[in-house]
1. Compute the separation of the alpha-carbon centres of segment 172-188 and segment 106-133 and state it in Å as a whole number.
2. Picking from Ala199, Val63, Ile4, whose Cα lies most toward the positive end of the charge dipole for the chain (charges on Cβ: Lys, Arg +1; Asp, Glu -1)?
3. Rounded if a/c is under 1.5, else prolate if a/b is larger than b/c, else oblate: which is segment 39-191, with a ≥ b ≥ c the root eigenvalues of its Cα gyration tensor?
4. About the Cα centre of segment 63-154, what is the dipole size in debye to 20, counting +1 per Lys and Arg Cβ and -1 per Asp and Glu Cβ, all else neutral?
5. Could you state the angle between the C-alpha long axis of helix 97-109 and the longest principal axis of the C-alpha atoms of the chain, as a value from 0 to 90 degrees rounded to the nearest 10?
6. Give the relative contact order (percent, whole number) for segment 52-157; include only Cα pairs under 8 Å separated by 6+ residues.
7. How much FRET efficiency would the formula 1/(1 + (r/R0)^6) give for Lys247 and Ile165, where r is the Cβ-Cβ distance and R0 is 41 Å, rounded to 0.05?
8. Can you give me the three principal axis dimensions of the chain from its C-alpha atoms, in Å, biggest first?
Amino acid sequence: KVEIYVFEDKLSEADKLLNELYVINPMNEEIYIQKANIFSKKDNHEQAIDVLKKALELTDDVVDIYSLIGMEYLFLDQYQDAKKNFKKCIELDLEDYSALYNIIYCFDFLDETNEAIEYLNSYLDKNPYSEVAWHQLGKQYVETKQLLKAVTAFDFAIISDDLFIGAYLEKAKVLEQLNRFEEAIENYKITIAIEDSTAYALIKIGYCYERLKIDDLALQHYYQAVEEDPALDKGWMHITKFFITKKDFQKALIYINK
């Protein structure tokens, strides 16, 4: 009932009911979690953290509480403290991927790319088949322009989960930067095979064919992309640019208007 009151923003009713529950059972950690939820809704994040720390003393499920404390610190833009609490989640549960994503978010916000790489490598020592960690490591390597290491990381993500579309996409983008367009096309095609055709992948394939000077296949994929998603302006832009390079300005004008 308290949860429903909080969901409906009836915070005073929720608070009153929690006070009644507290009299009956002051050792129930759920009372503190809901109290913290109310404080959080009122933007009193410091008080929410204080109440959650009390819940920590009462609960057997500390992972969830550390995660909630981490989120409150995120609301306060206190990324170092948030990171510490999410790290405690990982120490207790290696498979807590939401905590892992939040840790990387903190590293990114603090511009601590090298620290993120170090953390992910140490995490992978303990959990070497984590496709999420390999994928995130690859993205950090891209940030630091270590493109070959990025490709390797994305390969390990794919080995860990061969249907991981994000890893194929990121790998393809890096292969493009390395001018390895045939390999990039292969990876974009795999994403389409997994998830049916997506306009984004079709545009990227078209671009790679254009760089390889295979014009008919480039145009074919651009047309497929705008057929798949007529509202995607990038598809029409690529066709326009294609015809500009061919000095066919009449056609270019038609497509830029679209």
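1. About 24 Å separates the Cα centre of segment 172-188 from the one of segment 106-133.
2. Farthest towards the positive pole: Ala199.
3. Note, shape of segment 39-191 comes out prolate.
4. On the way: 8 positive and 16 negative charges, 57 e Å.
So the dipole magnitude of segment 63-154 works out to roughly 280 debye.
5. Roughly 70 degrees between the two axes.
6. Values: 112 pairs, mean separation 17.3, N = 106.
Once normalised by length, the contact order is 16 percent.
7. Numbers: r = 38 Å, r/R0 = 0.92.
Working from the Cβ atoms, E equals 0.65.
8. Projected onto the principal axes, the Cα atoms of the chain cover 79, 43, 30 Å.
The values are calculated or read from the model by the stated rules, or taken from the named source; none is laboratory data. Since the structure is predicted, the reported quantities are computational estimates derived from the model, not experimental observations. Heads up, the Cβs are rebuilt from the backbone with ideal geometry, glycines too, and the neighbour counts pull from every protein chain shown. These accessible areas exclude ligands, DNA and RNA; they are computed on the full protein's heavy atoms, side chains included. Shrake-Rupley method; radii C 1.70, N 1.55, O 1.52, S 1.80 Å.
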